[in-house]
Amino acid sequence: MQFSIVIPTLNESENVDLLLSRLFALDLLPGSFEVIFVDDGSKDGTPTKIREWEAHNKHIHLVERQEKPDLTASILAGVAIAKSDIIMVMDADLSHLPEQVPAIVAPILTGKYDVAVGSRYVSGGSTHGWPLYRQWLSRLGGFLARPICDVSDATSGFFAFRRELIANIAERARGYKILLELLMSGQGNLKIIEIPISFHDRTHGTSKLSLSHHLIYLQRLITLAGGTASIGTASRFAIVGFVGVFVDAFIFQWMINLSFGLALAHITSFLAAVTINYILNSKWSFRSHLEGSLNWQQFGRFLTVGLLALLLRGGVLALLVYTWHLSAELAIFPAIAATAIINYLGSAFYVFPESKNC
Ligand code: GDD
């Protein structure tokens, strides 16, 4: 057995026959590969179809997961029962041409590479049949991953690798981004090759990619880049932000009413809010990333981010008050909102960063 092909399935009954016929028509030595399907509770008879093939071919296997459907978890389950140490992963919907399997697995079989990525975006690669928005999303996904891992198609689902790499994949890895996890697992020491592929959108069935998969991907990219941005930290940060807004706005309005100048009211209310925000963010929003208790160094970083935000806020405030003639009492709110994003990203990446795991 030279390699194992792991194929995740979710309602792919119309594709199984065609896929297996084409895989077993490849000009490869008989018994040189096995096919492991991992199904996540398909309701369209996919497992029955695969079982029919399995009954007549000892190189075809089916794993039926009972857990919550998940692409990455399915691939990991397939790898767990693979007989070979060289793993090939592909979609079941024929968007990945079975005829390109030998070209992708070859660099791993020779032992010269650790991961071979079937890429739509290297010279010679292509995408067919996708609407424009899918093409853009896919390119954007690859583009965003570029700073942390130098491949052209980090979201490809068509790739081969040495099985031992799977041990380094984060246990929490979920969703459509298993290739990215694999690429990051080698901490820059992997030998990676990209092979051009021709991607053809499915003819039968529908894509299962949803908005939540995109968000999970984005969040994971941020974490891999060293940030701690997540729904959890963002929600807590937002709540703390609201507390800050009240403190800020209250002190600001109070000082304006007492006829203090705009600049003094703005700076004083800012400093009061930033101190309260730092305490709440370190003790609560980013509590799992805090190295011990409150410390001056961290407060310094928080203040630096805050000061940058203050500059930005001052600019927005001046623009709204002096150019757009908005009242100061009203203008403070959009000014605070504009800087909240800078504050959050600064906190997630600079003040309370993740200890890097890649
Ligand atoms: N077991 C399991 N569980 N399989 C799944 C799940 C799941 O939760 N979700 C999707 N699949 C299977 C599909 O049945 C198919 O074989 C493959 O994963 C790809 O799913 P699609 O939903 O059809 O993906 P796509 O066509 O939008 O393609 C995008 O994602 C793929 C992930 O591999 C593209 O970016 C592809 O390049 C990429 O390969």
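The values are calculated or read from the model by the stated rules, or taken from the named source; none is laboratory data. On a predicted model such as this, the values are computed, not experimentally measured, just so you know. Because the Cβ atoms are built from the backbone with ideal geometry, glycine has one as well, and the counts that use them run over all protein chains shown.
Here are some notes:
- Filtered by the rule that a residue be surrounded by fewer than 16 Cβ atoms within 10 Å (Cβ to Cβ) and not hydroxyl-bearing (S, T, Y), region 244-259 gives F246, F250, Q253, W254, N257, L258.
- Applying the condition of being under 17 Å from L224 (Cα atoms) and under 14 Å from the mean Cα position of the chain (by Cα) to region 149-171 and asking which residue is modelled with the lowest pLDDT yields A170.
- Selection within region 57-88 - surrounded by fewer than 19 Cβ atoms within 10 Å (Cβ to Cβ), assigned to a helix (DSSP H, G or I) and modelled with pLDDT of 95 or more: I81
- Residue check for S347: under 20 Å from W284 (Cβ atoms), of a type in the set (S, T, N, Q) and either surrounded by fewer than 20 Cβ atoms within 10 Å (Cβ to Cβ) or in contact (Cβ under 8 Å) with a residue 60 or more places away in the chain (or both): yes
- Scanning region 65-100 for residues that are within 14 Å of the ligand (Cβ to nearest atom) and either under 19 Å from D17 (Cβ atoms) or among the aromatic types (F, W, Y) (or both) yields a count of 9.
- When residues in region 51-64 are screened for being β-branched (V, I, T) and more than 12 Å from the ligand (Cβ to nearest atom), 1 of them pass.
- Positions within region 167-212 being part of a helix (DSSP H, G or I), within 16 Å of the ligand (Cβ to nearest atom) and of a type outside the set (D, E, K, R), in sequence order: I178, L179, L180, L182, L183, L211, S212
- All positions within region 1-35 that are within 28 Å of the chain's Cα centre (by Cα) and within 11 Å of the ligand (Cβ to nearest atom): V6, I7, P8, T9, L10, N11, E12, N15
- Restricting V151, V117 to residues that are surrounded by 16 or more Cβ atoms within 10 Å (Cβ to Cβ), within 14 Å of the ligand (Cβ to nearest atom) and either of a type in the set (S, T, N, Q) or not in a loop (DSSP other than H, G, I, E, B) (or both) narrows the list to V117.
- Residue within region 75-94 that is free of Cβ contacts under 8 Å to residues at least 60 places away in the same chain and polar (S, T, N, Q) present: no
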